[in-house]
Amino acid sequence: MRAARSMTPARIMGLAGLLACLCLPARAADPKPDATIKNPSIEASVYLDDKIKADSALAADCLTEGKKWIDKQAAEAAADRKQEPDLFRERGGYSFERKYSVRSVVDDRYVSVLRDDYMNTLGAHPNSDVNTILWDTAEKKRISIRPFFTETADNGPTLAAMRKAVIAALNAEKKRRDAGETATAQWYKELKPTLLKIGAVTLAPSTEAGKSSGLTFHYPPYAVGPYAEGQYVIFVPWETLKPYLTPERAKIFAGARPKADADDQQQ
(Lines give C-alpha, C1' and ligand atoms only; values in the text may rest on other atoms or scores of the structure.)
Protein backbone atom coordinates (compact mmCIF):
# COMPACT_ATOMS: atom_id res chain seq x y z
CA MET A 1 0.00 0.00 0.00
CA ARG A 2 1.38 3.37 -0.98
CA ALA A 3 2.16 5.66 1.93
CA ALA A 4 0.20 8.88 2.18
CA ARG A 5 2.13 11.91 0.94
CA SER A 6 2.89 14.47 3.63
CA MET A 7 1.34 17.95 3.50
CA THR A 8 4.34 20.20 3.07
CA PRO A 9 4.01 23.97 3.75
CA ALA A 10 3.90 24.61 0.02
CA ARG A 11 1.04 22.14 -0.40
CA ILE A 12 -0.84 23.66 2.54
CA MET A 13 -0.47 27.14 1.05
CA GLY A 14 -1.60 25.88 -2.33
CA LEU A 15 -4.67 24.26 -0.80
CA ALA A 16 -5.49 27.40 1.16
CA GLY A 17 -5.24 29.47 -1.99
CA LEU A 18 -7.54 27.10 -3.83
CA LEU A 19 -10.11 27.21 -1.04
CA ALA A 20 -9.93 30.99 -0.97
CA CYS A 21 -10.63 31.15 -4.68
CA LEU A 22 -13.60 28.83 -4.26
CA CYS A 23 -15.08 30.58 -1.22
CA LEU A 24 -14.46 34.29 -1.74
CA PRO A 25 -16.63 36.34 -4.09
CA ALA A 26 -14.95 37.66 -7.20
CA ARG A 27 -13.75 41.24 -7.04
CA ALA A 28 -16.06 43.68 -8.76
CA ALA A 29 -14.67 44.98 -12.00
CA ASP A 30 -13.74 48.63 -12.15
CA PRO A 31 -16.60 50.72 -13.53
CA LYS A 32 -16.35 51.52 -17.21
CA PRO A 33 -16.38 55.21 -18.12
CA ASP A 34 -19.41 56.58 -19.91
CA ALA A 35 -17.16 58.84 -21.97
CA THR A 36 -13.39 58.77 -22.29
CA ILE A 37 -10.43 59.96 -24.30
CA LYS A 38 -6.85 58.72 -24.15
CA ASN A 39 -3.82 59.88 -26.10
CA PRO A 40 -0.22 60.93 -25.36
CA SER A 41 -1.44 64.30 -24.05
CA ILE A 42 -4.28 63.23 -21.76
CA GLU A 43 -6.42 60.51 -20.27
CA ALA A 44 -9.86 61.84 -19.29
CA SER A 45 -13.05 60.03 -18.33
CA VAL A 46 -16.59 60.76 -17.23
CA TYR A 47 -18.64 58.47 -14.99
CA LEU A 48 -22.38 58.49 -14.24
CA ASP A 49 -23.68 56.57 -11.26
CA ASP A 50 -26.52 54.06 -11.67
CA LYS A 51 -29.17 56.37 -10.20
CA ILE A 52 -28.39 58.98 -12.82
CA LYS A 53 -28.45 56.40 -15.58
CA ALA A 54 -31.95 55.38 -14.44
CA ASP A 55 -33.22 58.81 -15.55
CA SER A 56 -32.58 59.05 -19.28
CA ALA A 57 -33.07 62.81 -19.47
CA LEU A 58 -30.74 63.51 -16.55
CA ALA A 59 -28.17 61.04 -17.87
CA ALA A 60 -28.19 62.66 -21.32
CA ASP A 61 -27.81 66.12 -19.79
CA CYS A 62 -24.84 65.11 -17.61
CA LEU A 63 -23.16 63.14 -20.37
CA THR A 64 -23.45 66.00 -22.87
CA GLU A 65 -21.81 68.34 -20.37
CA GLY A 66 -19.17 65.74 -19.46
CA LYS A 67 -18.18 65.13 -23.08
CA LYS A 68 -17.75 68.87 -23.69
CA TRP A 69 -15.58 69.02 -20.58
CA ILE A 70 -13.20 66.24 -21.64
CA ASP A 71 -12.98 67.66 -25.19
CA LYS A 72 -12.00 71.04 -23.72
CA GLN A 73 -9.37 69.47 -21.46
CA ALA A 74 -8.01 67.42 -24.36
CA ALA A 75 -7.59 70.51 -26.54
CA GLU A 76 -5.78 72.37 -23.76
CA ALA A 77 -3.55 69.38 -23.01
CA ALA A 78 -2.57 69.05 -26.67
CA ALA A 79 -1.64 72.74 -26.78
CA ASP A 80 0.40 72.44 -23.57
CA ARG A 81 2.21 69.38 -24.91
CA LYS A 82 3.33 71.33 -27.96
CA GLN A 83 4.77 74.02 -25.70
CA GLU A 84 6.42 71.65 -23.19
CA PRO A 85 7.13 68.33 -24.95
CA ASP A 86 9.89 67.37 -22.51
CA LEU A 87 7.54 67.60 -19.51
CA PHE A 88 5.03 65.27 -21.12
CA ARG A 89 7.79 62.92 -22.30
CA GLU A 90 9.17 62.61 -18.79
CA ARG A 91 5.98 62.53 -16.74
CA GLY A 92 3.27 61.34 -19.10
CA GLY A 93 0.07 63.13 -20.01
CA TYR A 94 -2.53 64.97 -17.99
CA SER A 95 -5.15 63.01 -16.10
CA PHE A 96 -8.75 64.14 -15.60
CA GLU A 97 -11.79 62.42 -14.14
CA ARG A 98 -15.35 63.62 -13.57
CA LYS A 99 -17.97 61.71 -11.57
CA TYR A 100 -21.68 62.52 -11.43
CA SER A 101 -23.52 61.02 -8.45
CA VAL A 102 -26.95 61.46 -6.89
CA ARG A 103 -26.84 63.03 -3.44
CA SER A 104 -30.56 63.12 -2.67
CA VAL A 105 -34.01 62.78 -4.20
CA VAL A 106 -36.65 64.99 -2.57
CA ASP A 107 -40.42 64.91 -3.08
CA ASP A 108 -39.89 62.37 -5.92
CA ARG A 109 -39.04 65.40 -8.02
CA TYR A 110 -35.86 67.25 -7.07
CA VAL A 111 -32.60 65.40 -7.64
CA SER A 112 -29.40 66.84 -6.19
CA VAL A 113 -26.32 65.75 -8.12
CA LEU A 114 -22.69 66.07 -7.06
CA ARG A 115 -20.16 66.69 -9.82
CA ASP A 116 -16.69 65.78 -8.56
CA ASP A 117 -13.61 66.53 -10.67
CA TYR A 118 -10.06 65.23 -10.31
CA MET A 119 -7.31 67.03 -12.21
CA ASN A 120 -3.62 66.24 -12.58
CA THR A 121 -1.78 68.67 -14.84
CA LEU A 122 1.72 67.58 -13.74
CA GLY A 123 2.02 70.35 -11.16
CA ALA A 124 3.09 70.12 -7.53
CA HIS A 125 0.05 67.98 -6.70
CA PRO A 126 -3.27 66.96 -8.25
CA ASN A 127 -6.30 69.10 -7.53
CA SER A 128 -10.02 68.57 -7.21
CA ASP A 129 -13.19 70.54 -7.69
CA VAL A 130 -16.83 70.06 -6.78
CA ASN A 131 -19.99 71.51 -8.20
CA THR A 132 -23.66 70.61 -8.02
CA ILE A 133 -26.73 70.23 -10.19
CA LEU A 134 -30.34 70.52 -9.04
CA TRP A 135 -32.53 68.60 -11.47
CA ASP A 136 -36.31 68.93 -11.74
CA THR A 137 -37.65 65.59 -12.99
CA ALA A 138 -41.08 67.10 -13.70
CA GLU A 139 -39.65 69.80 -15.95
CA LYS A 140 -36.72 67.62 -17.09
CA LYS A 141 -34.21 70.43 -16.70
CA ARG A 142 -31.69 71.98 -14.35
CA ILE A 143 -33.00 74.58 -11.95
CA SER A 144 -31.58 76.80 -9.21
CA ILE A 145 -32.81 77.14 -5.64
CA ARG A 146 -34.32 80.52 -6.57
CA PRO A 147 -37.95 79.23 -6.81
CA PHE A 148 -37.71 77.82 -3.27
CA PHE A 149 -37.53 81.28 -1.70
CA THR A 150 -39.75 84.35 -1.62
CA GLU A 151 -36.85 86.49 -2.80
CA THR A 152 -33.21 85.91 -3.72
CA ALA A 153 -31.95 89.38 -4.58
CA ASP A 154 -28.22 89.96 -4.31
CA ASN A 155 -27.46 91.16 -0.78
CA GLY A 156 -31.14 90.66 0.10
CA PRO A 157 -32.44 89.20 3.36
CA THR A 158 -32.55 85.57 2.17
CA LEU A 159 -28.99 85.36 0.92
CA ALA A 160 -27.65 87.51 3.74
CA ALA A 161 -29.16 85.08 6.27
CA MET A 162 -27.86 82.13 4.25
CA ARG A 163 -24.32 83.51 4.17
CA LYS A 164 -24.40 84.21 7.90
CA ALA A 165 -25.48 80.60 8.59
CA VAL A 166 -22.84 79.19 6.23
CA ILE A 167 -20.02 81.14 7.88
CA ALA A 168 -21.17 80.12 11.37
CA ALA A 169 -21.18 76.46 10.29
CA LEU A 170 -17.79 76.85 8.60
CA ASN A 171 -16.30 78.29 11.78
CA ALA A 172 -17.65 75.36 13.79
CA GLU A 173 -16.30 72.82 11.31
CA LYS A 174 -12.89 74.48 11.21
CA LYS A 175 -12.78 74.36 15.00
CA ARG A 176 -13.64 70.64 14.87
CA ARG A 177 -10.74 70.09 12.45
CA ASP A 178 -8.34 72.19 14.54
CA ALA A 179 -8.17 74.65 11.66
CA GLY A 180 -9.59 77.65 13.48
CA GLU A 181 -6.70 79.86 12.40
CA THR A 182 -8.17 79.99 8.88
CA ALA A 183 -11.69 80.95 10.05
CA THR A 184 -11.07 84.48 8.85
CA ALA A 185 -12.68 87.11 6.67
CA GLN A 186 -9.77 86.74 4.28
CA TRP A 187 -10.68 83.13 3.51
CA TYR A 188 -14.39 83.97 3.31
CA LYS A 189 -14.07 87.03 1.09
CA GLU A 190 -15.31 85.14 -1.99
CA LEU A 191 -18.46 83.98 -0.18
CA LYS A 192 -20.94 86.64 -1.15
CA PRO A 193 -24.72 86.89 -0.57
CA THR A 194 -25.55 86.09 -4.20
CA LEU A 195 -26.74 82.84 -5.73
CA LEU A 196 -23.61 82.55 -7.85
CA LYS A 197 -21.15 83.23 -5.01
CA ILE A 198 -22.70 81.56 -1.96
CA GLY A 199 -21.41 78.10 -2.93
CA ALA A 200 -22.48 74.94 -4.78
CA VAL A 201 -25.66 73.78 -3.07
CA THR A 202 -27.64 70.55 -2.70
CA LEU A 203 -30.80 69.51 -0.89
CA ALA A 204 -29.69 67.48 2.13
CA PRO A 205 -31.44 64.17 2.83
CA SER A 206 -33.70 63.88 5.86
CA THR A 207 -34.79 61.44 8.54
CA GLU A 208 -38.25 61.84 6.99
CA ALA A 209 -38.56 59.96 3.72
CA GLY A 210 -38.94 62.14 0.64
CA LYS A 211 -38.14 65.33 2.55
CA SER A 212 -35.06 67.53 2.82
CA SER A 213 -33.49 68.54 6.12
CA GLY A 214 -31.95 71.70 4.68
CA LEU A 215 -29.16 72.75 2.35
CA THR A 216 -25.58 71.55 2.08
CA PHE A 217 -22.94 73.78 0.55
CA HIS A 218 -19.92 72.15 -1.09
CA TYR A 219 -16.55 73.91 -1.25
CA PRO A 220 -13.46 72.50 -3.01
CA PRO A 221 -9.90 72.93 -1.74
CA TYR A 222 -8.75 76.58 -1.74
CA ALA A 223 -12.34 77.93 -1.73
CA VAL A 224 -12.62 78.62 2.01
CA GLY A 225 -9.28 77.31 3.28
CA PRO A 226 -5.82 76.16 2.18
CA TYR A 227 -5.35 73.04 0.05
CA ALA A 228 -4.35 70.92 3.04
CA GLU A 229 -7.79 71.36 4.62
CA GLY A 230 -9.46 69.66 1.66
CA GLN A 231 -13.13 70.03 0.83
CA TYR A 232 -15.79 71.42 3.13
CA VAL A 233 -19.42 70.30 3.18
CA ILE A 234 -21.46 72.76 5.24
CA PHE A 235 -25.00 72.09 6.43
CA VAL A 236 -27.67 74.72 7.07
CA PRO A 237 -30.88 73.27 8.59
CA TRP A 238 -34.19 74.08 6.98
CA GLU A 239 -35.47 75.74 10.17
CA THR A 240 -32.90 78.51 9.70
CA LEU A 241 -34.24 79.21 6.22
CA LYS A 242 -37.93 78.68 6.99
CA PRO A 243 -38.81 82.43 7.19
CA TYR A 244 -37.61 82.85 3.60
CA LEU A 245 -39.18 79.77 1.97
CA THR A 246 -42.27 79.98 -0.23
CA PRO A 247 -45.30 78.19 1.28
CA GLU A 248 -45.30 75.65 -1.55
CA ARG A 249 -41.60 74.76 -1.32
CA ALA A 250 -41.61 74.80 2.49
CA LYS A 251 -43.65 71.58 2.31
CA ILE A 252 -40.66 69.58 1.02
CA PHE A 253 -38.58 70.38 4.11
CA ALA A 254 -38.92 68.41 7.35
CA GLY A 255 -37.02 66.21 9.74
CA ALA A 256 -33.34 66.27 10.61
CA ARG A 257 -30.13 65.47 8.81
CA PRO A 258 -29.33 61.74 9.17
CA LYS A 259 -26.22 61.08 11.24
CA ALA A 260 -24.89 58.77 8.53
CA ASP A 261 -25.07 61.61 6.03
CA ALA A 262 -23.13 63.93 8.32
CA ASP A 263 -20.47 61.25 8.86
CA ASP A 264 -20.19 60.47 5.15
CA GLN A 265 -19.79 64.12 4.22
CA GLN A 266 -17.05 64.87 6.75
CA GLN A 267 -13.64 65.29 5.18
Practice prompt. Report yes if some residue within region 74-89 is surrounded by 15 or more Cβ atoms within 10 Å (Cβ to Cβ), within 24 Å of the chain's Cα centre (by Cα), at pLDDT 95 or above and outside any helix (DSSP H, G or I); otherwise report no.
Written response: no
Discussion item. Quick test for you: out of D178, D154, pick the one residue that is exposed (fewer than 13 other Cβ atoms within 10 Å of the Cβ) and more than 22 Å from P247 (Cα to Cα).
Written reply: D178
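If I ask for residues that are of a type in the set (D, E), surrounded by 13 or more Cβ atoms within 10 Å (Cβ to Cβ) and part of a loop (DSSP other than H, G, I, E, B), which ones from region 133-151 would you list?
none
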Worksheet item: Looking at (1) part of a loop (DSSP other than H, G, I, E, B); (2) of a type in the set (A, V, I, L, M); (3) buried (at least 16 other Cβ atoms within 10 Å of the Cβ), which is the one condition that is false for V130?
Response: (1)
Practice prompt. Assess whether A250 counts as being surrounded by fewer than 19 Cβ atoms within 10 Å (Cβ to Cβ), under 21 Å from L170 (Cβ atoms), at pLDDT 95 or above and not charged (D, E, K, R).
Written response: no
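The values are calculated or read from the model by the stated rules, or taken from the named source; none is laboratory data. None of the values given here were measured: they were computed from a predicted structure. Positions of Cβ are backbone-derived with ideal geometry, glycine not excepted, and every protein chain shown enters the neighbour counts.
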